Amino acid sequence: MEPSLTDGAPPRTWTVFLSYILVFVALLVAGMAVVIVFLGMEVAGGGLSSRDPEKLAAAAMEFATSPESLVLNSLISSTVFILVPMGAVFLGRSTAGRRLRVRRAPVVWTGVFVIGLLCLSTSIDSAFALLGWSDLGTIGMVTRGIEDASGVTIVLAVITIGLGAGIGEELFFRGFMQTRLRERWGPWPAIAVTAAAFGLVHLDPFHVTFAFVVGLALGWITEVTGSIVPAVAAHMINNSLWVVLAWALPEPLPVPVHGMLLVLSLTMGMTAMVAIRLAHPAGAQGSAARALAQGVDKC
């Protein structure tokens, strides 16, 4: 039997899934509200007619893929993802370190994991490019929006899509959801379910697949180190670099380059993950003793 992170009965899981559903719905409603407000302003200003549904739909799609909309929606989603777990900390009258595993992590292995995740992300991106999937789904939509961003907007995109999403999503998924589920189901089921939930919130098959695989890695390092800090750091750096590169390199890379990147990134990524595994032989069970000593309050 694994040692428990909490004293007494494990936390209830229904509160976790209810929170996830509410967040999911809130993000959908907020996204639609942003588009509706934009259309209302355009109609009020005379730029659009409310009696022309085709032009309204075209304007809505154009705005939804614009850099400004991407930044605004990223700001909203990051704020929601931060508020929910911090609300759990407040209501539980505990600390973020105890309830969300916001603890110090080994600097060296955090750096190694950041490199490993960047390689994993690059390998998936190159595989999608080789399969002709790069321009499909929300990944393609966001990429096209980033390509059209101005200098000021790209800075805001790095702050919201890179830093904000990295912090907010990791606090919610690995800090709040995975920590709670781990107490009921153990580390690996919690990692898998959290990664699936993380993928589903991205809403299209291509981005879901990408996010699920990355979510497994983020969940694994959280359990290995007993801290979400490596996951937050890797998520922020990965997103920020992706935004900058999508803006700075608007032209797609040649197929041979993607082939070389796929092989190189897979090799480097696997090397980084194996190195972490050898340094932490207990694997995903490795944080149990540390967490038992520090404790995590019930949700």
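Here is how the numbers come out for the structure above:
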{"quantity": "Positive-end residue, segment 14-294 charge dipole about Cα centroid, Cβ charges, pick of His280, Ser74, His202", "calculated": "His280"}
{"quantity": "Helix-only mean residue ellipticity at 222 nm for the chain, each DSSP H run of n ≥ 4 adding -39500 (n - 2.57), per residue, nearest 500", "calculated": "-24000 deg cm²/dmol"}
{"quantity": "Net length gained if the chain between Ala248 and Val155 were fully extended (0.36 nm per residue, minus Cα distance)", "calculated": "32.2 nm"}
{"quantity": "Contour excess over end-to-end distance, with Cα ends at Ala275 and Val107 and 0.36 nm allotted per residue", "calculated": "59.0 nm"}
{"quantity": "Cα gyration tensor shape of the chain, rounded if a/c is under 1.5, else prolate or oblate by comparing a/b with b/c", "calculated": "oblate"}
{"quantity": "Charge dipole magnitude, Cβ of K and R +1, D and E -1 - segment 160-235, Cα centre, debye nearest 20", "calculated": "180"}
{"quantity": "Check: segment 79-200 dipole with +1 on Lys, Arg Cβ and -1 on Asp, Glu Cβ, in debye", "calculated": "940"}
{"quantity": "Within the chain: Cβ-based charge dipole about Cα centre, in debye rounded to nearest 20 (Lys, Arg +1; Asp, Glu -1)", "calculated": "1360"}
{"quantity": "Zero-based 5 Å bins, Cα pair distances in segment 97-244, whole percents", "calculated": "2, 10, 18, 23, 21, 14, 8, 4, 1, 0"}
{"quantity": "Per-residue Cβ neighbour rank within 10 angstrom, fewest leading, Phe212, Phe173", "calculated": "Phe212, Phe173"}
{"quantity": "Relative contact order %, segment 14-294, counting alpha carbon pairs below 8 Å whose residues are six or more apart", "calculated": "27"}
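Every read-out reported here was derived from the displayed coordinates using simple, explicitly stated rules and does not represent laboratory data. Since this is a predicted model, take the numbers as computed values, not measurements. For neighbour counting, all protein chains shown are included, and Cβ atoms are generated from backbone atoms with ideal geometry for every residue, glycine included.
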